[in-house]
Amino acid sequence: QAQLVESGGGLVQPGGSLRLSCAASGFTLDSYTVAWFRQAPGKAREGVSCQGSSDGSTYYLDSVKGRFTISRDSAKNTVYLQMNSLKPEDTAVYYCAADPVPRIIPALCARPVLRFWGQGTQVTVSS
């Protein structure tokens, strides 16, 4: 059965860094668009970043550009989100997602409509 399992979340101080990991099983990420979403308390789930499978093109939420980087390791069937210069407003539950479409589609990266989802991992940025 297809599964995505996130790890790497935790508590960090403002300005700190975290690397989230999302390990896939039951399918191969190489042929999937992969994405990270987040949901803060009282807010809707929003797309943070995504990467197409065909050409590696990427999308980033404006507020995380220059600070976050999405990548994948085919050998490990894992997608990563490197988060630097973290801010309190980055505090949220972060979810990994994947979809069979080979190219980035704006709605796919911005809206929670992807096919497969992980359980989420908490990221808290606070002093």
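The values are calculated or read from the model by the stated rules, or taken from the named source; none is laboratory data. Computed from a prediction, not measured in an experiment: that's the story for all the values here. Reconstructed Cβ throughout: ideal geometry from the backbone, glycine too, with neighbour counts over all protein chains shown. Side chains are part of the model used for accessible areas, which takes the heavy atoms of the whole protein and leaves out ligands, DNA and RNA. Shrake-Rupley method; radii C 1.70, N 1.55, O 1.52, S 1.80 Å.
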Q: Any chance you could count how many residues in region 34-53 are at pLDDT below 95 and either surrounded by 12 or more Cβ atoms within 10 Å (Cβ to Cβ) or under 13 Å from ARG115 (Cβ atoms) (or both)?
A: 2
Q. Does region 100-112 contain any residue that is in a loop (DSSP other than H, G, I, E, B), in contact (Cβ under 8 Å) with a residue 24 or more places away in the chain and closer than 24 Å to PRO41 by Cα?
A. yes
Q) Of the conditions (1) in contact with a strand residue (DSSP E or B) (Cβ under 6 Å, 6 or more places away or on another chain); (2) open to solvent by less than 70 Å² (accessible area, probe 1.4 Å); (3) at pLDDT 95 or above, SER126 fails just one. Which one is it? A) (1)
Q: Those residues that are of a type outside the set (Lys, Arg), part of a loop (DSSP other than H, G, I, E, B) and in contact with a strand residue (DSSP E or B) (Cβ under 6 Å, 6 or more places away or on another chain), I need them from region 18-64; list them, please.
A: GLY26, TYR32, ALA40, GLY52, SER53, LEU61
Q) So which of SER71, SER85 ends up being assigned to a loop (DSSP other than H, G, I, E, B), surrounded by fewer than 19 Cβ atoms within 10 Å (Cβ to Cβ), small (Gly, Ala, Ser) and modelled with pLDDT of 95 or more? A) SER85
Q) For region 111-118, does any single residue satisfy the condition of being farther than 18 Å from GLY8 by Cβ and β-branched (Val, Ile, Thr)? A) yes
Q. Could you list, in sequence order, the residues of region 22-38 that are more than 13 Å from CYS109 (Cβ to Cβ) and either free of Cβ contacts under 8 Å to residues at least 60 places away in the same chain or of a type in the set (A, V, I, L, M) (or both)?
A. ALA23, ALA24, SER25, GLY26, THR28, LEU29, ASP30
Q) Of all residues in region 88-123, which are among the charged types (D, E, K, R), surrounded by fewer than 16 Cβ atoms within 10 Å (Cβ to Cβ) and farther than 18 Å from SER25 by Cα? A) GLU89, ARG103, ARG111
